[in-house]
1. List the residues, sorted by chain then number, that are 5 or more residues from Val442 or on another chain and whose placed amide H is less than 5 Å from its amide H.
2. Does anyone have the angle between helix 534-545 and the longest principal axis of the chain? Alpha-carbon axes, 0 to 90°, nearest 10?
3. Any chance you could check the Cα centroid distance between region 209-229 and region 512-557 for me, in angstrom?
4. For region 202-335, what value does the Rg/Rh ratio take when both radii are computed over Cα atoms and Rh is the Kirkwood radius, given to two decimals?
5. Hey, with R₀ at 51 Å, roughly what FRET efficiency would Leu21 and Arg81 work out to, going by the Cβ-Cβ distance, to 0.05?
6. Angle, helix 492-503 long axis vs. longest principal axis of the chain, Cα atoms, 0 to 90°, nearest 10?
7. Give me Cys532, Cys454 sorted ascending by neighbouring Cβ count inside 10 Å, so fewest comes first.
8. Charges only on Cβ, +1 for Lys and Arg, -1 for Asp and Glu: so what's the dipole of the chain about the Cα centre, in debye to the nearest 20?
Amino acid sequence: MSNRVKMKGRFMSYFNAPLVLGLFLILTNILIYFISWVSGIVLSAVLVVYMAVVLSRYMNSRSLYLNELVSFATEYGQVQRRLLKNLDLPYAVLDETGRVIWTNFAFDKLVHKEKVFKRQISSLFPSLTKDTFPTGDEEVRLKIVFDGGNYRAQMRRIPLDQMTEDSDIIDHAEYSGALIALYLFDETAVTMAIQEVDDQSVVIGFIYMDNYDEALDSVEDVRRSLLIALIDRKVNKYIASMDGICSKIEKDKYLVLLRKKSLRYLQEAHFELLADVKTVSIGNEMAITLSIGFGVDGMTYAQNYEFARNAIDLALGRGGDQAVVKMPDNIIYYGGKTQQVEKSTRVKARVKAQALKEIISGKDVVYIMGHRLGDIDCLGAGIGIYRIAKTMNREAHIVLNEISTSLAPMVDLFKDNPEYPDDMFYTSQQAIEKVSDNAALVVVDVNKPSITECPELLRLCKSIVVLDHHRAGTETIENATLSYVEAYASSACEMVSEILQYTGENIRIRQEEADVMYAGIVVDTNNFQNKCGVRTFEAAAFLRRNGTDVTRVRKLFRENALEYKARADAVSQAEIYRENFAISVCHGEGLQSPTVIGAQAANELLDIKGVHGSFVLTEYQNQIFVSARSIDEVNVQVIMERMGGGGHMNIAGCQIENGTVEETIQMLKHTIDAMIEEGQL
């Protein structure tokens, strides 16, 4: 076998062209002999000289050409290597495991090390792990931060199978190895420029005084103007310190314009204005509280304005005394640690009652539903709306799927009563099958569409009314024709009791209906111990006048021995976490409504001295239900919101899917720890 280096390709065709031309001349010479032998002899002589010169040059120049080509290729490779080594762009070659094989000077200078061979790239850039390496022909791009700079890392996979085919050292059989080429592009200046532009973008916000009229009523007439002036001064000074603009658009409302960078400072300080404004006191018995709403990151100023409107509505709906920042894909809450002040006026209840009456009067049938796994407050509010619809001679149905043991005695009052039709209660499937275009849907005791008894009805009904006493969260029923959400109310039954009084004089509540509504208030206030205001007792008095019997209601609450033992066991097994939080588990084996028992156990844990918040976990229907309770020291709503739930300051909860009790306890503890470190608790 010849070990000589062989030429091929286009260069070989150029090199062999004279020989090919010589063969053509030989054929031409033979043809000329047939025409003229004298001309043939002359051409033969010329051809001999030509071929002698060509063969001589071919034999003597071949090695010279090859030597020059090899020298050029070697020098060209050295030039390439030298250029790559001195390239200003940081460049490195890695093996498949992420170990550094080769680097250029710019890369060494960037990492402040001259020799990084055999080191893992993750030891230099922790975000560049093996999982981030390219696996195909596509290039991978990542943003990394190193030594105070921002870089774009680009990685490309270089297969080595073709390079090893002719190797005498590496066996290329079934070899699929590769190298990783890593480039680092410095984008620090670009990132800073983009950040600066983003920081200077306009943010729109609103600041509302929650209790303007109530606070003024608690101070002398001559001092009212001074109180408002002091509040105005604090608000304007606070916004001016952030290089913002604050304009008073109404007696108790401000429009705010800020830079996004300034809003970030406000968020980091958790909106100090909320606490600072409460210190204003010139003899007023009630401190002024504020609600703040900001819209940010909208595509236009108009969208930021709309975000700000939604944010301030959320802040007010959640009880006020808090700040809400709304972005296109997220909502952040700050504050909300104080209870909303109950308004003594019932004007809003009267207006909502008239609006509800008009909606029902224009419909043929009314569907009423609450939240999934409905409780007594949910049923009682539904019964109140049912009575309004029947008084107006409208067909009405309450959507109720699962009836718990605690709810069964209440439902039996109507199912076994000849005064009520057999179709008073519908399942979700029945409601979906019979719903018509001219139907109204009244949602009680819930404002979160995903946990309603039948979310499909929200889509099928065009007229929707929402009556709820829970503080609004991120997910709300947005297409409601009428929304009456009052976080100060103790229960949905309290709200419906007030509406009943303003719907019409011809409404007569039956004894069973009054009992269930009264029971709803009793349950949500824990026997009038939590979140009771003047209007709560007025609603209870109204129901008492309509036939409620306290002894009869108490009998409805009696439970069997198994439920009592389960609640006692949950209380006895409680763990006191961080000295102020009681965490326990309610084992629901054999119980029809373990979540209700868990909520009752959470209430009882608050009777332990030093416990600021209680949490009872119950595993039910492949979910973990968390019941959270507090008295006044802790806002359990914000804790539950972190875990995907919600509720009130003192009564809240959440549902965890695809998790275990142990995992949920750890999640709860981690949430409490994080919020304590952030100053939220």
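1. Result for Val442 returns Tyr367, Ile368, Met369, Val465.
2. 50 degrees
3. First find each Cα centre; the distance between them is then 35 Å.
4. Rg/Rh: 0.98.
5. 0.80
6. The answer is roughly 60 degrees.
7. So the residues, fewest neighbours to most, are Cys532, Cys454.
8. Details: 72 positive and 90 negative charges, 446 e Å.
Dipole about the Cα centre, nearest 20: 2140 debye.
Since every read-out is calculated from the coordinates, none of them should be taken as a lab result. Bear in mind the structure is a predicted one, so any value in this text is a computation, not a measurement. Please note: Cβ atoms are built from the backbone with ideal geometry, for glycine as well, and neighbour counts cover all protein chains shown.
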